[in-house]
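J.: After the structure tokens below, expect a handful of questions from me.
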Amino acid sequence: MAVKFTPSPQPASRDVPASKAPNQEVHDRFFAGPKFDKTAYMRDYMRKKRSRTVSVDMDLGLVKRWKATGPDWLVRMQEALEKAL
């Protein structure tokens with residue numbers, strides 16, 4: 001005599017689709033969207049902060065040394081010039 005096994009119904013909380021699960025909502029709220037880009041932020045900050053664009057003739061070697069310090073070299077150069085004043 002064979003006994004046929006029938007599984008019991010799952011609780012109602014498991015009937016919620018994965019896209020509507022509470023953990024997915026929290027994940028989407030905190031981890032979705034573009035990553036923070038510091039270089040772009042500083043570039044936008046400097047655009048808003050300055051009131052005029054000024055062209056300055058500089059030695060090419062000097063500019064290359066500033067560029068070698070990293071992506072936000074213009075910000076650091078401006079800070080150094082402000083300190084010099």
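None of the figures in this text is laboratory data; all of them are computed from the coordinates on show. Every value quoted in this text rests on a predicted model; they were computed, and no experiment measured them. Note that each Cβ is placed from the backbone with ideal geometry, even for glycine, and that neighbours are counted across all protein chains shown.
J.: Give, as a single signed number, the net charge of other residues whose beta carbon lies under 13 Å from the beta carbon of Asp37, with Lys and Arg counted +1 and Asp and Glu -1.
T.: Values: positive: Lys35, Lys38, Arg43; negative: Asp44, Asp72.
Taking every other residue near Asp37 into account, the sum is +1.
J.: Ala68 versus Glu82, label points 7 Å from Cα toward the beta carbon: distance in nm?
T.: 2.6
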